[in-house]
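Undergrad: Next up is a structure, given as structure tokens.
The numbers here are math on the coordinates, done by the rules we state, and not lab data. Predicted model only: the values in this text are computed from it and were never measured. Neighbour counts run over all protein chains shown; Cβ positions are idealised from the backbone, glycine included.
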Amino acid sequence: MTPPGITPIIRTQNLRKSFNSNMILKDVTLEIPEKSVCAIIGQSGTGKSVLFKTIIGMITPDNGKVWFKDTELTALKPNALIAMRKFFGYSFQNAALFDSMTIGENLAFPLREVLRIKDHREIQKRVAELLDWIELPGITAKRPDELSGGMRKRVGVARSLIMEPEVLFFDEPTTGLDPVLSETINNLVVRVNQELGITCVMITHDIPAAFRIAHKIAFLDQGYIIVEGPPEMVAASGHPLVKDFIRIAFRELPV
Ligand SMILES: Nc1ncnc2c1ncn2[C@@H]1O[C@H](COP(=O)(O)OP(=O)(O)OP(=O)(O)O)[C@@H](O)[C@H]1O
Ligand SMILES: [Mg+2]
């Protein structure tokens with residue numbers, strides 16, 4: 001595995017976020033090393049997706065800061081924040097492709113609408129290259145409902161890659177997929193990181209995969225990061241909840 005950089009590409013500092021009287025993020029300070037794969041794990045409903053949305057500016061925190069390199073995102077005006085989004089790609093939980101468009105049109109959409117590329121050939125070339133890269137050549141003219149769930153997931157990843165982001169956020173990319181497809185998607189995350197040099201931040205319930213592919217794991221619980229570090233450090237953690245999570249996740253694996 002290529003070692004990731006040491007400098008953080010994203011930092012959060014003392015993030016706090018409540019919805020009504022329910023405090024979801026209490027004090028989240030986290031560094032994501034540049035060019036790493038970072039996995040965020042934790043129980044369902046604990047605030048992992050809220051943390052993602054707060055980092056990319058879709059949710060405004062009540063307190064705390066988010067940095068992308070030297071830019072404090074939480075200090076930016078809305079337009080400046082939107083302009084920063086080009087550095088981020090996201091592949092969200094239940095993210096859907098546009099059903100009425102072909103796969104080619106789905107992928108071309110951000111190029112046309114966001115990057116304002118007019119050259120039809122240039123668009124076609126980028127779409128074809130990306131479909132080759134995800135090993136699904138020749139599906140340009142198909143519609144999403146003609147693809148399997150796993151293929152749609154890969155196209156979803158391709159769509160978030162087409163803007164050439166610096167950081168790619170994956171919110172549960174393998175949930176609902178069978179083990180073989182999950183492996184394909186996890187391998188795709190590794191390829192995005194290693195071949196394209198993109199920092200990948202992934203929320204996952206697939207604990208063995210997190211331990212296999214992440215350089216860093218952060219365990220979110222009840223509003224705090226309770227354990228973080230390289231997989232071997234997290235595995236050695238004496239924290240009872242983390243120990244439980246790992247024991248349950250690995251117990252059913254063949255030895
Ligand atoms: N926009 C919102 N308004 C009000 N409450 C919200 C909002 N977004 C999230 N929440 C609440 O915040 C809590 C954490 O939700 P979140 O989706 O971040 O959990 P999660 O850790 O991603 O869970 P899962 O693993 O099941 O996806 C939940 O109680 C949820 O209902
Ligand atoms: Mg979630």
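Undergrad: Report the gain in length on full extension from ALA75 to ARG143: 0.36 nm times residue separation, minus Cα-Cα distance, nm rounded to one decimal. Can you show the working numbers first?
TA: Numbers: separation 68, 0.36 × 68 = 24.48 nm, distance 4.07 nm.
Fully extending the segment from ALA75 to ARG143 adds 20.4 nm.
Undergrad: With a point put 7 Å past each Cα toward its Cβ, work out how far LEU241 is from HIS120 in nm, to one decimal.
TA: 5.6 nm
Undergrad: Using the Cα centre as the reference, give the magnitude of the dipole from point charges on the C-beta atoms of the range 68-112 (Lys, Arg: +1; Asp, Glu: -1; all else neutral), rounded to the nearest 20 debye. Walk me through the numbers before you get to the answer.
TA: Numbers: 5 positive and 4 negative charges, 33 e Å.
Using only the charged Cβ atoms, the result is roughly 160 debye.
Undergrad: Which one of GLY104, GLY42, SER21 is farthest out on the positive end of the charge dipole of the chain, using unit charges on Cβ (Lys, Arg +1; Asp, Glu -1) and the Cα centre as origin?
TA: Sorting the options by dipole projection puts first SER21.
Undergrad: Report the trypsin sites (Lys or Arg not before Pro) located in the range 38-73 that are in a DSSP loop and have at most 15 other Cβ atoms inside 10 Å of their Cβ, or state none. Kindly include the intermediate steps, with their values, before the conclusion.
TA: Numbers: sites: LYS48, LYS53, LYS65, LYS69; in loops: LYS69.
Those satisfying the criteria are LYS69.
Undergrad: Another question about this same structure. First measure r as the distance between the Cβ atoms of PHE19 and ASP132, then evaluate 1/(1 + (r/R0)^6) with R0 = 45 Å and state the FRET efficiency to the nearest 0.05.
TA: On the way: r = 43 Å, r/R0 = 0.95.
FRET efficiency, PHE19 to ASP132: 0.55.
Undergrad: Within a Cβ distance under 14 Å of PRO144, other residues only, what is the Lys/Arg minus Asp/Glu net charge? Don't skip to the end; give the middle numbers.
TA: Details: positive: LYS142, ARG143, ARG152, LYS153, ARG154, ARG159; negative: ASP99, GLU105, ASP145, GLU146.
Around PRO144, the surrounding residues sum to +2.
Undergrad: Would you give the gap between the C-alpha center of the range 82-140 and the C-alpha center of the range 6-60, rounded to a whole Å?
TA: 27 Å
Undergrad: Can you run the Rg to Rh ratio on the chain? Use alpha carbon positions and the Kirkwood inverse-distance Rh. Mind dumping the intermediate values first?
TA: On the way: Rg = 18.4 Å, Rh = 19.0 Å.
Rg divided by Rh gives 0.97.
Undergrad: Output the relative contact order of the chain, whole-number percent, from Cα pairs under 8 angstrom with separation of 6+ residues.
TA: Working: 436 pairs, mean separation 64.2, N = 255.
RCO, the chain: 25 percent.
Undergrad: Roughly how big is the chain's charge dipole about its Cα centre, with Cβ charges of +1 (Lys, Arg) and -1 (Asp, Glu), in debye to the nearest 20? It would help to have the intermediate numbers written out before the result.
TA: Numbers: 30 positive and 29 negative charges, 104 e Å.
Dipole magnitude for the chain comes out near 500 debye.
Undergrad: Determine the relative contact order of the range 62-132: mean sequence separation of Cα pairs under 8 Å and six or more apart, normalised by residue count, in whole percent.
TA: Values: 22 pairs, mean separation 10.7, N = 71.
For the range 62-132, the relative contact order is 15 percent.
Undergrad: Calculate the length of the line joining the C-alpha centroid of the range 181-204 to that of the range 217-239, in whole Å.
TA: 21 Å
Undergrad: Along the charge dipole of the chain, Cβ charges K/R +1 and D/E -1, which of TRP133, PHE219, GLY89 sits furthest on the positive end?
TA: GLY89
Undergrad: Turning to a different aspect of this structure: Going through the cross-link list LYS48/LYS125; LYS35/LYS153; LYS125/LYS216; LYS69/LYS142; LYS65/LYS118; LYS17/LYS77, which pairs have a Cα-Cα distance over 30 Å in this structure? Before the final figure, lay out the partial values.
TA: Values: LYS48/LYS125 36 Å; LYS35/LYS153 22 Å; LYS125/LYS216 35 Å; LYS69/LYS142 39 Å; LYS65/LYS118 37 Å; LYS17/LYS77 19 Å.
Violating the 30 Å Cα-Cα cut-off are LYS48/LYS125; LYS125/LYS216; LYS69/LYS142; LYS65/LYS118.
Undergrad: On a straight-distance basis, which aspartates and glutamates could pair with LYS53 in a cross-link, Cα separation under 15 angstrom, same-chain partners fewer than 8 positions away excluded?
TA: Filter leaves ASP62, ASP171, GLU172.
Undergrad: Okay, next question. Relative contact order for the range 119-255: what is it in percent, counting Cα pairs under 8 Å that are at least 6 residues apart? Don't skip to the answer; put the middle values down first.
TA: Working: 118 pairs, mean separation 20.6, N = 137.
The normalised contact order for the range 119-255 reaches 15 percent.
Undergrad: For the chain, what is the calculated [θ] at 222 nm in deg cm²/dmol (nearest 500), taking -39500 (n - 2.57) for each run of four or more DSSP H residues and dividing by its residue count?
TA: That comes out to -11000 deg cm²/dmol.
Undergrad: Moving on. Describe numerically, in nm with one decimal, the distance between label points set 7 Å from Cα along Cα→Cβ at THR7 and at LYS65.
TA: Computed distance between label sites THR7 and LYS65 equals 1.7 nm.
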